[in-house]
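Presented below is the structure to which this report refers.
Taken together, the values in this text are just the output of simple stated rules run on the coordinates, not laboratory data. Since we're looking at a predicted model, the values are computed, not measured. All Cβ positions, even for glycine, are placed from backbone atoms using ideal geometry, and neighbour counts span all protein chains on display.
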Amino acid sequence: MPCENSLTTVYISLRSFDMAQSLASPTKHCAMKRVYLSILLALIIVSISAQQRRRTGSLAFGIQVVQPTGNYANVYDGYPAGLSGNFSIPLGRSPFEAGGGFSWNAMGSQEEDISVLMGQDVDGDDIYEMGTMRIRSNNYRYMLLGRFRPFVGRVQVYADALAGVESFSTKTDIQLENQGYSEVIESDVDHRDFTFNYGWALGARIQLAQGIYLDGRFEKLQGGLARYVDPETIEVNAQDNGLQFDVRESQTDKFTYQLGVAFQF
């Protein structure tokens, strides 16, 4: 009998627990539904916010340094510095963007004092004035880009596919001082060559203020064969102020390093 009473007590206790669980389950089920609906609503809000922000374009620019690689590094001695900028526009609400970029890098500059023939006097004698010949060698790049930017928050990373053309040029101009201001009286392009390039870039952005980001960027570019002036060989002929120089030829592969700011609007 004591054993039967114990079994009866256990059975009644289990039935009471099952009934309590049955009565509590509707309330628990409703609470879980509210939790799921809250999470779903939060995800929808975040998704809509991200989609709205992806509608904005971006404009970035900064200081850039080029590191020649491969055959280019063997022929050209230096690290051309300059400025670079790019822009991109989202493709719908996807993480993909399209845009373009421009870069300028100085490959050497110098100035030479020269005597400039200004004409003749009434007696037929030549008239000369002292001037300055400015010699500038530059590399310009014009690129199209396709961008993958998966995040749109305070910290962003992106990857670019790049393709475009670039030019190597050496220009001169003659500058005269005329009553306190400078006047350019002659300008010439002494050498220019074009080639293609393509490659990829990786970048990262950190938000500084609303819509303003610190932007760091690295590019790896494959460049075609190009001819450019060796700045160490440039000389000015004192007789006619003509420019004499040697031309180098190589592939133009390079790394670029850029630091600047980006604006998202």
| query | Given a Förster radius of 51 Å and the C-beta distance between residue 151 and residue 73 as r, what FRET efficiency does 1/(1 + (r/R0)^6) yield to the nearest 0.05? | reply | 0.90
| query | For the pair residue 246 and residue 140, how long in nm is the line joining their label points, each one 7 Å along Cα→Cβ? | reply | 2.8
| How long is region 56-264 along each principal axis, judged by its Cα atoms, biggest number first, in Å? | 77, 40, 24
| task | Order these peptides, 141-147, 122-128, by their mean beta-carbon neighbour count within 10 angstrom, highest first. | result | 141-147, 122-128
| request: Would you kindly calculate the mean projected area, averaged across all directions, of the convex hull enclosing the Cα atoms of region 165-209, in square nanometres? | output: 7.4
| query | When only alpha-carbon atoms count, how far does region 175-265 stretch along each of its three principal axes, as whole angstroms with the largest first? | reply | 58, 42, 20
| query | From a point 7 Å beyond the Cα of residue 194 in the direction of its Cβ, which residues of region 249-265 have a backbone N at a distance under 18 Å? | reply | 252
